[in-house]
Structures are given as structure tokens and as C-alpha cells.
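Notes follow once the structure below has been shown.
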There are 2 protein chains.
Amino acid sequence: MDGSTTPPAKPKRSRPVQVADQIKQWVVERDLKKGDKLPNESAMIELFSVSKGTVREALRILEAQGLIVTKTGPGGGSIVGEVSANRARSLLANYFYFQDLSVADIYQMRRALEPELAASLAGTLTEDQIAELQELAERYPEPAKSAEEEKEQHIASLVFHARLSEFAENKLLGFVIGFMANILTDMTVYRQLYDPPNVVLWSKGREHQLALVEALRAGQAEEARRIMASHMQVAEELMKVQEAHLLRRFMGD
Amino acid sequence: MDGSTTPPAKPKRSRPVQVADQIKQWVVERDLKKGDKLPNESAMIELFSVSKGTVREALRILEAQGLIVTKTGPGGGSIVGEVSANRARSLLANYFYFQDLSVADIYQMRRALEPELAASLAGTLTEDQIAELQELAERYPEPAKSAEEEKEQHIASLVFHARLSEFAENKLLGFVIGFMANILTDMTVYRQLYDPPNVVLWSKGREHQLALVEALRAGQAEEARRIMASHMQVAEELMKVQEAHLLRRFMGD
DNA sequence: CCCCCTAATTTATCATTATAATTTTTTCAC
DNA sequence: GTGAAAAAATTATAATGATAAATTAGGGGG
């Protein structure tokens, strides 16, 4: 999996890519952290014995991956910048742009993961976090009167899940759930509106979120898991009317 | 989530990034697919009214994201190239390089997802695929005699899971499971060896894999789910002796 | 002490030239 | 004709130099 394990694989990589790898190695060797400075352009030109253009292309490669940030001016230059969750989501979305995901696929994952997240968060949240979730869940107390309004409620619901995912101690679990919330939001924003609001299901969804907040506050892990599992069933019902396939666009940062 | 929804966010993006976005837009507008050609360098220079260096930096950005592939020579130039699973895994691994994942985190995910994958694959595999899995599971019929040999067996076991993930119809589920198998493999390759092989657990793991293959062949979804759930318990036992934190290195492509 | 202005530093962009890598075409032997 | 080697054409790759833009640092003037 690592480059060092494939000596005879690709003997022809462009010089900018090689330089980018050397810079990465340079950073790892020194165990540089988030804000630490890299050598400036002219220093890298000498360090790697390549031209300015090559160095700049290498820097753009690392920048595109979110590994560095570059500024102009004195004290400027490139610094190590940890990859943001947003950047990681965008890069991963590029992959699924070509993979033809369906709503059913995403809900198969959500059914498996969201209850797990709910259970693991029970009793671990601060009062502020609980309050924020409660506020999100209490928005839109009235049933949606139009398809447009239903769309807003749907997005608000996804914000609730996205926020929840940010609280996860398990960063992998949190990332995957947040990624799915992003995909569904993106899809909701750009979808056609053609179905009337389903009042019964929406009110059920709202009740679930409020009950979930209570269970999280009370530290009842299994109760939270159960509620979230029910909630996923409702959410899936609401999404089933969508087209099967999605992600026909790139995400921005 | 999309760039168009953030007007006051970043009014100053570098020209290479702007050009890269324009090229992406150019591709999406024309609904270009995997092998389709982009304009060549000099054409882009005129198209976007920027210099050669700027165009090249933009191309390196897109190349780093896996969105294009560039070749020299007549008929060469840049073409649309769908993001490979490997590339997506590497880019995502860069994110988790900064996130301090633990073995427990990964197994919380595996416990939730691997049984789901096993169940959904039951009865859907071809004879060739079943045969390949069986062959992978039947390797190392003898218990490991050394720590080094145990390492090999561990990696072979992860290859089994990685291969299984590639058969998934749900590309998101498959990707996440494959990603975790990659992380664990990477960790296993570079870990210290200090514990004697646990013969009992290893033989149990092997039996699980063989039984799983049978259940998959027979189309017994719930049996496959049950077996995989047990298997995850065993695998977690074997990994528990590892250090808690991992991913202290970048992955290559 | 504070504000503004200038100067210094560093990246950003452009322009030009030469080189390397590939593919296509041509040529020439058989 | 056929096939292989040589030549040509096309394209990206790389290097160099010059100028612009942005940002910080420092130096008065009040």
C-alpha cells in the first residue's frame, strides 16, 4: 500500500509528484504539526534541485490534498495544515461521483451506523451540546405546508444529524455519518419537488429527535440506539420517493 | 455545501484553483465520461486567458485529486479519469493522519458494518468469486509458529476482507470496509512484533472464514451475518494487544 | 503611544525557450 | 505488399527570467 513497497511499479512519475512526495517525507521525518513552516520556494529549489515551476506544481498538489496552506508576504510561505473534514468530504465525494450511489445504499449504512453513534454518545455530551441539539430538533414545530417548506425541514433534520456526528469521539464513525448527511443535503437542495409533505411521518421524525435528545441527556445508551433505529426507518420512508441515483455533481470546499 | 452558497467566504482563491474549478465545470457541463479528452495545454491557455504555468498548476491540482490523467505525445493531453478506490483511500487517509484513530474506533465500525456486508452478499456471488474467497480462506492451514508468520496470516485475513468489500454492490459500504482493511494492513505491516501467536483464536478465525464462504455460497444471509459478527469478536481480540493509536504515516497510491 | 507610510520579503503570474516522451507517418528493405 | 526501422510531428515537461501582487515589518510624525 505504501510507495516504498512498490519499487518496480511505476518508474515514471512526474517530477512535481516526486517533489511533492519528498516534501511529505520531509514533514513526516521531522514530525511537523499543524502550523509549522516549510522551506520557502527558493530554498526548495536548491533543496530538491528543480526549477521554480516544478516546486510550485508540487505545492499545488499538496495544497489540493489539503496538506499545506500557502500565504504571500514576509513570514509567509507554506505551512503544514491539517486536512479539514470539509476537504476530506469533497475529495471523497469526487470518488463517488463516478460510483452511482443510490438512496438505498446510503440508508443501508445509516441503519447500521446512526444507532451506534447515538448509543455511544449517550451521557457523554455537555449541557451546551445537548441544548444545541434540542434547539435544532425544536425548529419547525408546525407541519410543513408546502413542498418548499418540507425541503427546509428536511435540511434542518440533516443538520441535526451532521451536528451529532461532529460530537462523536470515534472520528471515523463521525466522518462517515457526516459524509452521508452531506450527500443527502446536497441531493435535497438540488432535487425536484413533486410530492406533497407527509405530515404523519414528519411529526414522527420530530418526536424521535426530541426523544433522542432526552435519552442522550439521561445517558440511556440502549434507549438512544432504539430511538435512532426507529428514526432511520422513518427517514428512509421519506427518502424512498427520491430517484434511485444521485451525486451527479462535484462538491465544493 | 457547494461553492455557490458561500459568497462572503473566500473572495480570494488563486488563479490555478479558479482554473481547476472552471475545468471541472467544463467537464460537468458536457457530461464527459472516463476517457474523454480535455483541451490541450495551449488551447486552455487561450480558453481561460492565463499563462502556461497557471494552466499546468491547475492540471496538477486535478491530477492530485484523481480527476484527470495526463499523457505526452500526439493524441496525448489530459483526459477525464475516474477517481480510483486506491486514490480515494489515500486522500482519506491523509485526513485521518491528523485524527488519532484507535483500534477500538475501527472495530466499533467493523462490528456494525462487516456483518451487514456479509448478509448482503449472500447468494449474489459468482462461482469464481466464491472460489477465490475459499482459496484465500484456506491459505495457512497450519497455526503460525512465529510472530512473523502470524503477521503474514493476519495480512492474508485482511486481504480476504478487502476482497469481500470489493464485491459489495453498495459502493459506499464496500469502500468504508475496504478502507478499514487497508488501515489495519498498513498498521500490521509496520507494527512491532512482541506477542506470541494466539493459536486458539487464529484457528477460530480460520473456521469462521470458511463457514462464511459456505453460507455465502448457500445464500444464507442471516447465517452469514451471524458468522461475521462472531468473526469480528475474534478479530478484535487479536487486535486488542496493539497500541491504541495508529495512522502515523501517509499512505501512497 | 498610536497611526500611517514606506520598504522589504515572499509568493503569484506571465512569458519565452529548450527538452523529453510518445505517437504517427514515412521510408526502405525484402 | 509487408514489416520494421527511421524520421517527423505533437504534446507535455522543465528551466529561466521578469514583473506583479500581497503582506508584514519597521520607521517616522504626531
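The values are calculated or read from the model by the stated rules, or taken from the named source; none is laboratory data. Remember, predicted model here, so these are calculated numbers, not experimental data. Note that we place each Cβ from the backbone using ideal geometry, even for glycine, and neighbour counts take in every protein chain shown. The accessibility values were calculated without ligands, DNA or RNA, using every heavy atom of the protein model including side chains. Shrake-Rupley method; radii C 1.70, N 1.55, O 1.52, S 1.80 Å.
Inside the range A:199-230, residues that are crowded, with 17+ Cβ neighbours inside 10 Å, modelled with pLDDT under 95 and touching an Asp or Glu at 6+ places or on another chain (Cβ under 8 Å) make up a count of 1. Among the criteria (1) within 25 Å of A:Ile68 (Cα to Cα); (2) open to solvent by 70 Å² or more (accessible area, probe 1.4 Å); (3) more than 11 Å from DNA strand D (Cβ to nearest atom), the one B:Lys52 does not fulfil is (3). Every condition in (1) outside any helix (DSSP H, G or I); (2) buried (at least 21 other Cβ atoms within 10 Å of the Cβ) holds for B:Gly123 except the one numbered (2). The set of residues in the range A:78-93 that are surrounded by 21 or more Cβ atoms within 10 Å (Cβ to Cβ) and at the interface with chain B (Cβ under 7 Å from one of its Cβ atoms) comprises A:Ala88, A:Leu91, A:Leu92.
A:Thr188 meets the conditions (1) modelled with pLDDT of 85 or more; (2) within 19 Å of A:Met239 (Cβ to Cβ); (3) open to solvent by less than 40 Å² (accessible area, probe 1.4 Å); (4) within 14 Å of chain B (Cβ to nearest Cβ) in every case but one. The failed one is (1).
The residue pairs whose first member lies in the range B:15-27 and is open to solvent by less than 10 Å² (accessible area, probe 1.4 Å), whose second member is of a type in the set (Phe, Trp, Tyr) and within 13 Å of DNA strand C (Cβ to nearest atom), and whose beta carbons are closer than 7 Å, counting only pairs six or more residues apart or on different chains, are B:Val19/B:Phe48. Condition first: of a type in the set (Lys, Arg) and away from chain B (no Cβ under 14 Å). Now tell me which residues in the range A:154-179 satisfy that. The one that is of a type in the set (Lys, Arg) and away from chain B (no Cβ under 14 Å): A:Arg163.
For the range A:94-118, the set of residues classified as buried (at least 22 other Cβ atoms within 10 Å of the Cβ) and more than 9 Å from every other protein chain (Cβ to nearest Cβ) consists of A:Arg110, A:Glu114, A:Leu117, A:Ala118, listed by residue number.
When restricted to residues that are more than 18 Å from B:Arg15 (Cα to Cα) and near DNA strand C (Cβ under 9 Å from one of its atoms), the range A:52-75 contains 2. Residue under question is B:Leu38, and the condition is that it be more than 8 Å from every other protein chain (Cβ to nearest Cβ), farther than 30 Å from A:Ala229 by Cβ, away from DNA strand C (no atom under 15 Å from the Cβ) and at pLDDT 90 or above; does it hold? It is true that B:Leu38 is more than 8 Å from every other protein chain (Cβ to nearest Cβ), farther than 30 Å from A:Ala229 by Cβ, away from DNA strand C (no atom under 15 Å from the Cβ) and at pLDDT 90 or above. If you go through the range A:157-176 and keep only what is over 19 Å from B:Leu184 (Cβ atoms) and among the polar types (S, T, N, Q), you end up with A:Ser157, A:Ser165.
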